[in-house]
Every structure is written in structure tokens, then in C-alpha cells.
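The values are calculated or read from the model by the stated rules, or taken from the named source; none is laboratory data. A quick note: this is a predicted structure, and the numbers were derived from the prediction, not measured. Every residue, glycine among them, receives a Cβ derived from its backbone with ideal geometry; neighbour counts consider all protein chains shown.
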Amino acid sequence: MQAPVASSAPCAGFDPTAALDATVRRARGSALYRERLAGVEIRTLDDLRRLPLTTRAELQAAGTHCTRAVPLDAVCHYGESSGTTGATNSVWLTAGDFARDAEVLRARHPDVFAPGHVILNRFPFMAAPAHLIQLVAQQGGGVAIPAGNINWDVPFPRALALARTAGATVLAGLPLEPIVLGEIARAEGLDLRRDVGFRYFFLGGSPLPPAMQRRLSRLWGARVIELFGSTETMLLGTSCAEGTLHLEVERVQRVPLSLTKGRFQRPLNRADLMEMLEPLRRPTP
């Protein structure tokens, strides 16, 4: 993936170096990093750049439980990637992980996630984003319809019918979702703007290039918001009203070819996620 990227402003008093050091300490709770990061401290960003790079191959070789940094009784969710790039990667999440990311989504997009907004949640429920959307609704961000797109009881035609019956204004799911629903709607003789009430598309899980965003927005008359992250990291950022992807700087620190995610129960330290990000050089809200 390649997309323009900016950084969201951190909260007052946020110390990125201290946050990175805390991530390293937390990571030592896992078998993968226990010896690898023994004695390592982050006092400057140069210290971060000297950390060994974690690759996908190393995550896979470590095994499922060796990447977990907290006791099993502190975990509420286990998931795996779909394996589109090869072997699957696993993730362990706590209730706190979900709560923090849900809080960020509501804070960044109060116009999307608000009381009374009906959300058709089409993310596959093996993936953490589906549960994150449910939690956003439970925290006051709307009314969620749990209709994962690989559930046998909610095929695409029924998902479209659910959206119309319930008056869904938000579609959360993979970028393919509005394309398929749009084709079904047109086959049924429906006008996408008049007969289907989507005003927001909250999409992630596969590439969402600018041209595709513009086309979806033009066809449906809806605003497209990109959800950026991975199985290994959960939420890394979302796009603003200008279409620019903003990284969550209190959770992510970028250095060349690497990423560190903190406040997470399977921490990554300088992990190469094989993503291409182009820093934005113009101001954005």
C-alpha cells in the first residue's frame, strides 16, 4: 500500500521517547523479545534505530504463544491474519487494547460514530476490527448491525436489505464491500444515492487507493474513511476529511522501514510491516 500520510497531534505532555521505552519494557514480557531486548533502554530516537528489525518471518517462526507479552488470563481476544502474504500471523488482545482504539475512533470521527447512527458492520468477525466497531457502538458511537461478510446467514443481498430496512448510514468493512453491494443494488433497480442511505464508508483490510476512494464517493455520494492497521498492530491511523491518512503518534513511531507500536499486549519493536507510506509535505487538518 502507498498513501499520503501525516501524523495526528499528540496530547499535551506526551513523551514519545518514554512511550517507546515503555514499549520495550513491555515487549520483554514475551518470549520473542525477552533475551533479544535484555538491558535495552530507549533514551533517544537513535536508540530506537539501533534496535534489531523484527520481520514477519521472525514473528511466524516465534510461534503463537511466544509473541504474547501478558499472561493468558489477561487476554480476551485471539486472532490470525488471512495469510494473503504467506503464513498467518497471530495477535493477542486485551479489553484495554480494544477500549483504547475504540476511544480513538470516536474522538477522531465524531461525525461518523454518534448516537443514532446505524452502522452495518461487515468486517469478518475473525478479525479484530469487527469487534472494535461493535465496541465503538457500545460506547455510544451508534447502533451496530453485526453482519460479518463471511457469515453464512448474512450474504451480500441480505446485507443490502438489512442496510435499507434499518436505515444504515455507516458501512464498515473491506473496500470490496461497497463495490459488491453497489452491483447488487443496481441489479435490483435501486439508485445508490436515493434508495440506500449510506453517508460514510469506514473501510480497511486491503488497499484503498485514492482513485478507488474517489470512485466510491462519486457513485454513492458518501465520504470514504480509510482504516489503516494490520493484524499485528490493530489501529495505526485513519484518514481525515481531506483524505489524508493520519498516524496515531501516541501509538506509532515511524523510523525508516520500521514501526514501533506501544500500549499493546503483543508489542512490536521496529517491525517491518512491508507497507509503503509517503509522508505528506503540505499542511492538513
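Annotations for the structure displayed:
- Residue count for the range 197-238, restricted to those that are free of Cβ contacts under 8 Å to residues at least 24 places away in the same chain and among the polar types (S, T, N, Q): 1.
- Look at (1) at pLDDT 95 or above; (2) closer than 14 Å to Ala172 by Cα; (3) surrounded by fewer than 24 Cβ atoms within 10 Å (Cβ to Cβ) and you find that Pro115 fails only one, number (2).
- Candidates in the range 140-170 are the residues that are modelled with pLDDT of 95 or more and polar (S, T, N, Q); of these, the one that is nearest to Asp97 (Cα to Cα) is Thr169.
- Subset tally (residues that are touching a strand residue (DSSP E or B) at 6+ places or on another chain (Cβ under 9 Å) and either on the phi > 0 side of the Ramachandran plot or not charged (D, E, K, R) (or both)) for the range 103-116: 7
- Out of Ala271, Ala222, sole residue that is modelled with pLDDT under 85 and over 21 Å from Ala95 (Cα atoms): Ala271
- Test: residue in the range 180-197 that is modelled with pLDDT of 95 or more and closer than 17 Å to His109 by Cβ: no
- Only residues that are farther than 14 Å from Phe201 by Cα, touching a helix residue (DSSP H, G or I) at 6+ places or on another chain (Cβ under 9 Å) and not hydrophobic (A, V, I, L, M, F, W, C) were counted in the range 111-120, giving 1.
- Against the test of being over 27 Å from Leu59 (Cβ atoms), assigned by TED's automatic domain parsing to the domain that holds Leu235 and among the small types (Gly, Ala, Ser), the options Ala168, Ala130, Ala102 yield a single qualifying residue, Ala168.
- The residues listed here are Ala99, Ala114; of these, the one that is of a type in the set (A, V, I, L, M, F, W, C) and within 14 Å of Met234 (Cα to Cα) is Ala99.
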